[in-house]
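Working notes for the structure below.
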Amino acid sequence: MFIDRVTVRHNDPRQRRMATSAAWIYWLGIIVVLIGTRLPVESDFNIDAVLLLTLGGFLSTVALIIIPWERLTYKFFYAGAALACSHIATLIYFSGGVQSPYGELYILLAIWAAYFFSFSGYSLVVSMCIGSFLLPYFYDTQYGTASITSAIIKIMFMLIAGGLVNLLVQQVRDRNTELSRTTDRLALKIREVLREKEKTAAVLASVADGVYVVDTGGHIALWNKAAEAITGFTEAEMIGRHCFGAEGEISEGFEGCAPFCGAAAHIDEGFSSTGYEVLTCKKDTEKMWLSVSAAPIRDSDGTLAGVVHVFRDISEYKEIDRMKSDFVATVSHELRTPLTSILGFSKTLLRTDASFSEASRQSFLLEIVREGERLARLIEDVLSVSRIEAGRMRFDLKPLDAAPTVNQVIKNMARLTSIHNFVINMPDDLPPVSADPDKLYQVLLNLVVNAIKYSPDGGPITVTTSASDGKVLFEVEDRGVGISPDHLPHVFERFYRAARGKGGAAGTGLGLYVSKSLVEQMGGRIWAESEVEKGSHFFFELPIAVAEEAAKEKIAS
Amino acid sequence: MEENLESAAARPKRVLIVDDEASLRTLVRANLEVDGLEVSEAVDGNEAMAMLEKSQPDLILLDIMMPGKDGIEVLEDLAANEQLREIPVVLLTAKGEQEDLERGASLGARGHITKPFDPEQMVRTVKAALGLMRR
């Protein structure tokens with residue numbers, strides 16, 4: 001606390017000037033005294049002694065001046081002052097001003113009194129100077145110097161002079177105290193501002209949105225953590241980077257990427273925007289969509305200082321958006337295709353201008369059934385998706401013998417294809433699974449339909465069931481076109497469709513997504529293995545129904 | 001050339017149906033064959049172009065939305081091919097593919113059939129395009 005105040009005061013240039021002046025006044029005072037008292041003419045004047053003692057005062061003065069002010073503690077200060085005072089005393093003594101044993105004592109008394117009245121060091125020094133300077137003009141140095149009265153008068157002189165100086169100093173000090181308080185307040189304010197800045201920085205660092213500021217020159221002035229994370233460009237790389245050349249070209253290093261500091265080109269009065277979307281890329285040149293909002297930053301006087309941009313990566317939304325519109329297009333195409341066949345074959349059967357053989361008519365009817373079922377499946381899938389998404393899919397889980405369901409699926413599908421042969425590997429003692437019969441049917445159907453769809457050249461489609469570790473494993477395997485390793489991890493994603501294979505197998509990208517959701521919600525899991533041109537192998541497992549439930553089911557039935 | 005036409009008239013007209021949907025190809029085939037036309041099938045643009053290299057039909061019924069090489073690309077290939085340029089093409093489109101139709105027309109398609117279609121109407125359109133019947 002004290003150190004603080006000393007430091008602050010010592011660092012105050014006004015204070016420093018004051019003390020320095022005091023020291024000079026003191027030194028000048030000595031010279032004036034030397035001349036003013038006409039010392040050289042005094043009989044018992046010893047010039048060597050005076051010079052020696054004056055040297056002490058001189059050195060203390062020099063010390064006061066040259067010791068760096070902030071390192072000058074009060075100890076040094078008073079030591080210097082005491083030295084200076086003893087010098088004055090000796091000077092006066094030699095000049096005949098004080099020729100008494102009280103000479104030194106009254107100086108000490110004067111120091112104590114000054115201290116008592118809280119004179120500061122330099123005002124004491126000044127009071128000594130002025131006191132000893134004035135003394136010769138008011139007092140006969142030859143007589144009466146030995147008396148206590150004369151000593152008291154001298155002290156009075158010094159104290160009055162010192163008091164006056166102190167008054168002056170006090171005023172300066174008051175102002176300085178005020179100044180120091182202001183400084184303190186200012187320091188506090190600065191700390192507050194810094195804290196505020198830190199807070200702002202913390203907020204900027206923690207927001208998930210990228211934030212950057214482009215100054216009026218088109219240079220990036222701020223680049224937050226999220227901006228780094230989103231774009232891959234670090235703050236160090238971006239600060240000061242010019243977004244555009246004069247012609248609005250993208251600056252180097254962006255590798256032809258559209259600019260995410262795009263608004264820099266549009267810096268003008270009142271520029272702002274909300275959520276404009278821009279295709280750009282990351283540092284690793286991966287393309288991404290950004291949604292950018294921009295707003296001008298103005299100084300307090302209203303001049304444009306820059307533009308702040310807030311952006312977020314909307315690639316995922318864009319992708320979902322794209323998939324959704326793809327989905328709508330696909331679904332309408334997928335709905336129309338079976339409908340075209342159903343209507344077409346129906347109308348063909350109704351043609352009056354042509355007659356078809358009985359075999360043809362049967363095949364047309366089969367086409368109608370096939371396409372009608374396709375339409376029904378599609379509608380079921382679409383409805384399932386909306387129910388899954390809304391969390392409204394109901395499951396009626398019960399112990400279920402999977403065999404009839406498997407057989408039903410194969411039976412229904414076998415009617416619709418003549419080029420595939422179905423192989424069923426199902427043990428007789430397959431334990432009951434815990435499943436919703438309709439959902440299990442839907443999953444199996446989807447997998448078998450896919451197997452048919454993606455093996456346009458026919459071949460065997462094998463459905464295998466087995467039990468182990470409390471699970472029943474279902475497998476559907478085809479010898480079709482297979483799925484490339486690029487596509488395989490995504491086949492269960494919503495709207496995802498592998499490139500359509502030979503034979504134009506097309507889909508809505510819903511079947512496997514729906515299957516996955518259904519299996520998982522029945523407590524199982526689903527996965528796939530595949531090799532291009534070799535075929536695909538889909539697996540899913542469901543928990544075996546617990547014994548009591550199975551027993552209950554048996555009794556009930 | 002005249003001889004060609006005469007001999008062409010003598011044998012049944014041949015139609016190539018290009019569509020990725022087996023059921024639709026069957027539908028078209030059934031209806032055209034009952035009217036005495038010869039029908040060959042291709043599942044997509046690539047297969048169609050391969051078939052056209054070998055023999056040229058009198059008419060191509062071309063679906064626009066197909067995987068692999070789509071109908072528009074086939075039209076472009078046909079337009080660029082001296083030999084195949086003259087084969088009349090009727091587009092098979094779904095409703096709402098107006099842009100594709102315009103593009104198809106600019107590439108020389110003779111007409112179009114919108115799915116779902118009436119088989120009788122389809123047969124009439126095909127015959128008209130083959131010059132077997134007045135529209």
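Bear in mind these aren't lab numbers, they're just calculated from the coordinates by the rules spelled out. Remember, it's a predicted structure, so these values are computed and weren't measured experimentally. Cβ sites come from the backbone with ideal geometry, for glycine too, and all protein chains shown count toward neighbours.
With only the Cα atoms considered, segment A:333-408 has a convex hull volume of 117 Å³ per residue.
Under 5 Å from the amide H of residue A:467 lie the amide H atoms of A:473, each residue being 5 or more positions distant or on a separate chain, with H modelled from the backbone and absent for Pro and chain starts. Spin-label model, residue A:178 to residue A:285: label points 7 Å out along the Cα-to-beta-carbon direction sit 6.9 nm apart. Loop-located trypsin sites (Lys or Arg not before Pro) in segment B:12-117 (DSSP state other than H, G, I, E, B) with a sparse environment of at most 15 neighbouring Cβ atoms within 10 Å: B:85, B:95.
The chymotrypsin sites (Phe, Trp or Tyr not before Pro) of segment A:338-444 that DSSP puts in a loop, and whose beta carbon has at most 14 other beta carbons within 10 Å, are A:395.
Taking every residue in B:109-121 and counting other chain Cβ atoms within 10 Å of its Cβ, the average works out to 4.
Cβ-Cβ distance of residue A:493 and residue A:428, R₀ of 41 Å, FRET efficiency by 1/(1 + (r/R0)^6): the value works out to about 0.65. For the set A:225/A:282; A:411/A:453; A:534/B:54; A:453/B:13; B:13/B:69; A:516/B:69, the pairs lying more than 23 angstrom apart at their alpha carbons are A:534/B:54; A:453/B:13; B:13/B:69; A:516/B:69. For chain B, the Kirkwood hydrodynamic radius from C-alpha pairs, put into Stokes-Einstein at 4 °C and a viscosity of 1.567 mPa s, yields a diffusion coefficient of 88 µm² per second. Given R0 = 51 Å, the distance between the Cβ atoms of residue A:468 and residue B:99 translates into a calculated FRET efficiency of 0.40. Put a dot 7 Å past the Cα of residue A:352, heading toward its Cβ, do the same for residue B:73, and the two dots end up 4.5 nm apart. Taken along the Cα-to-beta-carbon direction at a fixed 7 Å, the label points for residue A:316 and residue A:185 span 5.1 nm. For residue A:229, neighbours were defined as the other residues whose beta-carbon sits under 14 Å from its Cβ, and their charges (Lys and Arg +1, Asp and Glu -1) total -3. Each of A:352, A:303, A:464 was scored by other Cβ atoms within 10 Å of its Cβ. Listed from fewest to most, they are A:352, A:303, A:464. Neighbours of residue A:353, meaning other residues whose beta-carbon lies under 15 angstrom from its beta-carbon, give a summed charge of 0 when Lys and Arg score +1 and Asp and Glu score -1. Put the Cα centre of segment A:375-440 next to the Cα centre of segment A:518-533 and the gap is 14 Å. Rounded if a/c is under 1.5, else prolate if a/b beats b/c, else oblate: with a ≥ b ≥ c from the C-alpha gyration tensor eigenvalues square-rooted, which is segment A:414-483? Prolate is the answer for segment A:414-483, as a/c is 1.5 or above and a/b outweighs b/c. As a proxy for reagent exposure, A:223, A:527, A:289 were ordered by neighbouring Cβ count within 10 angstrom, fewest first; the result is A:527, A:289, A:223.
Is any residue of segment A:281-300 close enough, with backbone N under 20 Å, to a label point placed 7 angstrom from the Cα of residue A:192 along the Cα-Cβ axis, and if so, which? Those under the cut-off are A:300.
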